[in-house]
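Colleague: Let me give you the structure first, and then I'll get to my questions.
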Amino acid sequence: MATTTTIEGNLTREPEIRYSTTGLATTTLGVAVNRRWKSQASDGWEEETSFFDVVCFKELAENVALTCTKGMRVIVTGRLTLRQWADDEGGKRSKVEIVAQDLGPS
């Protein structure tokens with residue numbers, strides 16, 4: 001059983017939908033999650049932003065591509081996955097993505 005994670009943030013770009021040769025819809029998008037806290041050391045507010053790549057498949061992919069726009073606040077629930085590939089120079093590349101099980105406005 002895969003561990004699920006949930007994030008809430010704003011879309012950093014327009015969702016991009018693509019179809020495989022077999023007709024499988026895949027949508028990719030980016031989500032920025034902001035965190036703000038009061039620093040005990042400086043007694044001021046501090047802030048950090050984390051960026052996440054999200055991928056959706058099938059009906060969810062089509063729905064997200066049709067209904068979500070850049071800047072929109074969303075909540076995403078899914079599983080973390082590691083994607084690996086070789087770049088043009090033959091070097092190994094990797095990144096962690098969230099494979100969405102559910103995504104909607106927040």
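Colleague: Identify the residue in the stretch 55-106 that is aliphatic (A, V, I, L, M) and in contact with a helix residue (DSSP H, G or I) (Cβ under 9 Å, 6 or more places away or on another chain) and, among all such residues, is farthest from residue 4 (Cα to Cα). It would help to see each step written out before you state the result.
Modeller: Let us first name the residues in the stretch 55-106 that are aliphatic (A, V, I, L, M), namely 55, 60-61, 64-66, 72, 74-76, 80, 82, 86, 96, 98-100, 103.
Narrowing further to those that are in contact with a helix residue (DSSP H, G or I) (Cβ under 9 Å, 6 or more places away or on another chain): 55, 74, 100, 103.
On the way: 55: 14, 74: 16, 100: 9, 103: 13 Å.
By that ranking, first place goes to 74.
Colleague: Checking residue 26 against (1) open to solvent by 90 Å² or more (accessible area, probe 1.4 Å); (2) in contact with a helix residue (DSSP H, G or I) (Cβ under 7 Å, 6 or more places away or on another chain): exactly one of these is not met. Which one?
Modeller: For residue 26, the exception is condition (1).
Colleague: Let me ask another. On the given criteria, is residue 44 over 14 Å from residue 102 (Cβ atoms), free of Cβ contacts under 8 Å to residues at least 24 places away in the same chain, open to solvent by less than 40 Å² (accessible area, probe 1.4 Å) and out of contact with any Asp or Glu (no Cβ under 9 Å at 6 or more places or on another chain)?
Modeller: Numbers: over 14 Å from residue 102 (Cβ atoms): yes; free of Cβ contacts under 8 Å to residues at least 24 places away in the same chain: yes; open to solvent by less than 40 Å² (accessible area, probe 1.4 Å): yes; out of contact with any Asp or Glu (no Cβ under 9 Å at 6 or more places or on another chain): yes.
Yes, satisfied.
Colleague: Okay, moving on. Can you tell me which condition residue 35 does not meet? The list is (1) surrounded by 12 or more Cβ atoms within 10 Å (Cβ to Cβ); (2) under 17 Å from residue 5 (Cβ atoms), and all the others hold.
Modeller: Result: residue 35 fails condition (1) only.
Colleague: Same structure again: Can we say residue 62 is modelled with pLDDT under 95 and surrounded by 10 or more Cβ atoms within 10 Å (Cβ to Cβ)? Lay out the reasoning, then the answer.
Modeller: Values: modelled with pLDDT under 95: no; surrounded by 10 or more Cβ atoms within 10 Å (Cβ to Cβ): yes.
When the stated conditions are applied, residue 62 does not pass them.
Colleague: Of everything in the stretch 6-23, what is within 15 Å of residue 99 (Cα to Cα) and either aliphatic (A, V, I, L, M) or open to solvent by 40 Å² or more (accessible area, probe 1.4 Å) (or both)? Give them in sequence order. Walk me through it before giving the result.
Modeller: Here is the first cut: in the stretch 6-23, the residues within 15 Å of residue 99 (Cα to Cα) are 6-8, 15-17.
Selection gives 6, 7, 8, 16, 17.
Colleague: How many residues does the stretch 28-69 contain that are in a strand (DSSP E or B) and either acidic (Asp, Glu) or within 13 Å of residue 13 (Cβ to Cβ) (or both)? Talk me through it step by step, then tell me what you get.
Modeller: Our first condition is that a residue be in a strand (DSSP E or B); within the stretch 28-69, this holds for 28-38, 45-57.
Narrowing further to those that are either acidic (Asp, Glu) or within 13 Å of residue 13 (Cβ to Cβ) (or both): 28-32, 46-48, 51-54.
Here the count works out to 12.
Colleague: What about residue 18, is it closer than 23 Å to residue 62 by Cβ and free of Cβ contacts under 8 Å to residues at least 12 places away in the same chain?
Modeller: Working: closer than 23 Å to residue 62 by Cβ: yes; free of Cβ contacts under 8 Å to residues at least 12 places away in the same chain: yes.
Taking the combined requirement at face value, the residue satisfies it.
Colleague: Quick check on my filter: what residues within the stretch 76-96 are at pLDDT 95 or above and open to solvent by less than 70 Å² (accessible area, probe 1.4 Å)?
Modeller: 76, 77, 78
Colleague: Scan the stretch 23-54 for residues that are under 24 Å from the mean Cα position of the chain (by Cα) and either closer than 19 Å to residue 70 by Cα or not small (Gly, Ala, Ser) (or both) and report the count.
Modeller: Taking the stretch 23-54 as the starting set, the residues that turn out to be under 24 Å from the mean Cα position of the chain (by Cα) are 23-37, 46-54.
From the residues that got through so far, the ones that are either closer than 19 Å to residue 70 by Cα or not small (Gly, Ala, Ser) (or both) too are 24, 26-37, 46-54.
The qualifying residues number 22.
The values are calculated or read from the model by the stated rules, or taken from the named source; none is laboratory data. Note that this is a predicted model, so its numbers are computed, not measured. Here the Cβ is made from the backbone with ideal geometry for all residues, glycine too, and neighbour counts use every protein chain on show. Protein only, heavy atoms only, side chains kept; ligands, DNA and RNA dropped before computing areas. Shrake-Rupley method; radii C 1.70, N 1.55, O 1.52, S 1.80 Å.
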